[in-house]
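Before any comments, here is the structure.
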Amino acid sequence: MPKGHVMQVAALLLLAGCASQSRTASLNASPALSGRYQTVFIIRTSVYSGTIDFSTGAGGALSASLQLHVPIAIAAQLAAGVATDSVNFSGPYATPQCKGTMRGRGRLEPNAAGASGVVEMQDGCVGPLAGTFSIKR
(Lines give C-alpha, C1' and ligand atoms only; values in the text may rest on other atoms or scores of the structure.)
Protein backbone atom coordinates (compact mmCIF):
# COMPACT_ATOMS: atom_id res chain seq x y z
CA MET A 1 0.00 0.00 0.00
CA PRO A 2 1.44 3.41 -0.93
CA LYS A 3 2.54 5.63 1.95
CA GLY A 4 -0.21 8.22 1.28
CA HIS A 5 -2.93 5.57 1.54
CA VAL A 6 -1.47 4.25 4.80
CA MET A 7 -1.64 7.75 6.29
CA GLN A 8 -5.24 8.21 5.10
CA VAL A 9 -6.26 4.87 6.61
CA ALA A 10 -4.49 5.74 9.88
CA ALA A 11 -6.27 9.12 10.00
CA LEU A 12 -9.67 7.46 9.38
CA LEU A 13 -9.02 4.89 12.12
CA LEU A 14 -8.04 7.68 14.50
CA LEU A 15 -11.20 9.65 13.71
CA ALA A 16 -13.37 6.55 14.06
CA GLY A 17 -11.79 5.83 17.45
CA CYS A 18 -12.40 9.38 18.65
CA ALA A 19 -16.01 9.30 17.47
CA SER A 20 -16.54 5.98 19.25
CA GLN A 21 -15.06 7.30 22.51
CA SER A 22 -17.15 10.47 22.28
CA ARG A 23 -20.33 8.46 21.72
CA THR A 24 -19.51 6.12 24.62
CA ALA A 25 -18.84 9.06 26.94
CA SER A 26 -22.16 10.69 26.06
CA LEU A 27 -24.06 7.41 26.57
CA ASN A 28 -22.44 6.83 29.96
CA ALA A 29 -22.81 10.42 31.21
CA SER A 30 -25.52 10.74 33.86
CA PRO A 31 -27.50 13.93 33.62
CA ALA A 32 -27.83 15.70 36.94
CA LEU A 33 -31.11 16.13 38.72
CA SER A 34 -31.01 19.54 40.33
CA GLY A 35 -33.44 22.13 41.47
CA ARG A 36 -37.21 22.00 41.84
CA TYR A 37 -39.56 19.60 40.08
CA GLN A 38 -43.33 19.21 40.31
CA THR A 39 -44.24 15.73 41.52
CA VAL A 40 -47.24 13.43 41.71
CA PHE A 41 -47.41 10.25 43.77
CA ILE A 42 -50.31 7.83 43.28
CA ILE A 43 -50.61 5.52 46.28
CA ARG A 44 -53.44 3.01 46.08
CA THR A 45 -56.14 5.24 44.56
CA SER A 46 -55.07 8.53 46.17
CA VAL A 47 -53.20 11.22 44.23
CA TYR A 48 -50.64 13.30 46.17
CA SER A 49 -49.03 16.35 44.56
CA GLY A 50 -46.29 18.78 45.48
CA THR A 51 -42.63 19.47 44.80
CA ILE A 52 -39.29 17.73 45.11
CA ASP A 53 -36.01 19.66 45.30
CA PHE A 54 -32.77 17.88 44.34
CA SER A 55 -29.37 19.13 45.46
CA THR A 56 -25.80 17.86 45.37
CA GLY A 57 -23.85 17.94 48.61
CA ALA A 58 -20.30 17.21 49.70
CA GLY A 59 -18.59 14.49 47.72
CA GLY A 60 -21.30 14.59 45.03
CA ALA A 61 -23.99 13.00 47.22
CA LEU A 62 -27.45 13.65 45.77
CA SER A 63 -30.31 14.39 48.14
CA ALA A 64 -33.92 15.44 47.76
CA SER A 65 -36.47 17.29 49.85
CA LEU A 66 -40.02 16.15 49.12
CA GLN A 67 -43.04 18.28 50.06
CA LEU A 68 -46.45 16.92 49.13
CA HIS A 69 -49.37 19.23 49.93
CA VAL A 70 -52.53 17.69 48.51
CA PRO A 71 -54.56 15.94 49.94
CA ILE A 72 -52.40 15.95 53.11
CA ALA A 73 -48.97 17.29 54.01
CA ILE A 74 -46.14 14.78 53.62
CA ALA A 75 -42.50 15.80 54.13
CA ALA A 76 -39.43 13.68 53.41
CA GLN A 77 -35.66 14.08 53.35
CA LEU A 78 -34.32 11.54 50.88
CA ALA A 79 -30.99 10.18 49.72
CA ALA A 80 -31.03 9.91 45.93
CA GLY A 81 -28.96 8.49 43.12
CA VAL A 82 -28.79 8.74 39.34
CA ALA A 83 -27.14 6.19 37.05
CA THR A 84 -27.28 6.63 33.26
CA ASP A 85 -31.06 6.55 32.69
CA SER A 86 -32.37 5.59 36.12
CA VAL A 87 -33.09 7.34 39.40
CA ASN A 88 -33.62 6.01 42.92
CA PHE A 89 -34.39 7.55 46.28
CA SER A 90 -35.08 6.42 49.83
CA GLY A 91 -35.59 7.83 53.28
CA PRO A 92 -38.01 8.66 56.07
CA TYR A 93 -41.21 10.67 55.68
CA ALA A 94 -43.78 12.18 58.02
CA THR A 95 -47.45 13.12 57.79
CA PRO A 96 -49.35 14.97 60.52
CA GLN A 97 -50.45 11.61 61.96
CA CYS A 98 -47.79 9.08 60.90
CA LYS A 99 -44.19 8.38 60.03
CA GLY A 100 -42.69 5.85 57.69
CA THR A 101 -40.06 5.15 55.07
CA MET A 102 -40.20 5.21 51.29
CA ARG A 103 -38.10 3.82 48.48
CA GLY A 104 -38.55 4.69 44.81
CA ARG A 105 -36.89 3.74 41.56
CA GLY A 106 -37.62 4.77 38.02
CA ARG A 107 -36.60 5.89 34.59
CA LEU A 108 -34.91 9.23 34.04
CA GLU A 109 -36.08 11.30 31.05
CA PRO A 110 -33.53 12.76 28.61
CA ASN A 111 -31.63 15.78 29.95
CA ALA A 112 -33.04 15.10 33.45
CA ALA A 113 -36.32 16.77 32.44
CA GLY A 114 -38.18 14.40 34.75
CA ALA A 115 -38.58 10.82 35.85
CA SER A 116 -41.26 8.26 36.64
CA GLY A 117 -41.37 4.91 38.36
CA VAL A 118 -42.57 2.91 41.33
CA VAL A 119 -42.55 3.73 45.02
CA GLU A 120 -42.85 1.43 48.04
CA MET A 121 -43.68 2.74 51.48
CA GLN A 122 -43.69 1.25 54.95
CA ASP A 123 -46.19 3.41 56.79
CA GLY A 124 -46.20 3.36 60.59
CA CYS A 125 -50.01 3.52 60.75
CA VAL A 126 -51.19 1.60 57.67
CA GLY A 127 -48.32 -0.79 56.90
CA PRO A 128 -46.98 -1.53 53.41
CA LEU A 129 -48.11 0.72 50.56
CA ALA A 130 -47.15 0.77 46.89
CA GLY A 131 -47.71 3.12 44.01
CA THR A 132 -46.13 5.24 41.31
CA PHE A 133 -44.41 8.61 41.10
CA SER A 134 -43.64 11.13 38.39
CA ILE A 135 -41.57 14.29 38.46
CA LYS A 136 -41.47 17.02 35.80
CA ARG A 137 -39.75 20.37 35.40
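The values are calculated or read from the model by the stated rules, or taken from the named source; none is laboratory data. Every value quoted in this text rests on a predicted model; they were computed, and no experiment measured them. Because the Cβ atoms are built from the backbone with ideal geometry, glycine has one as well, and the counts that use them run over all protein chains shown.
Among the residues that make up the range 23-30, is at least one of them under 16 Å from Lys136 (Cβ atoms), at pLDDT below 80, surrounded by 13 or more Cβ atoms within 10 Å (Cβ to Cβ) and out of contact with any Lys or Arg (no Cβ under 8 Å at 6 or more places or on another chain)? No, the range 23-30 contains no residue that is under 16 Å from Lys136 (Cβ atoms), at pLDDT below 80, surrounded by 13 or more Cβ atoms within 10 Å (Cβ to Cβ) and out of contact with any Lys or Arg (no Cβ under 8 Å at 6 or more places or on another chain). Kindly evaluate Ser65 against the criterion of being within 17 Å of Ala32 (Cα to Cα) and modelled with pLDDT under 95. Here the answer is no, as Ser65 does not meet what is asked. Pairing each residue of the range 111-122 that is surrounded by 15 or more Cβ atoms within 10 Å (Cβ to Cβ) with any residue that is modelled with pLDDT under 95 and of a type outside the set (Val, Ile, Thr), provided the two are 6+ apart or on different chains, yields C-beta distances under 7 Å for Ala112/Pro31; Ala112/Ala32; Ala112/Leu33; Gly114/Arg137; Ala115/Leu108; Ala115/Glu109.
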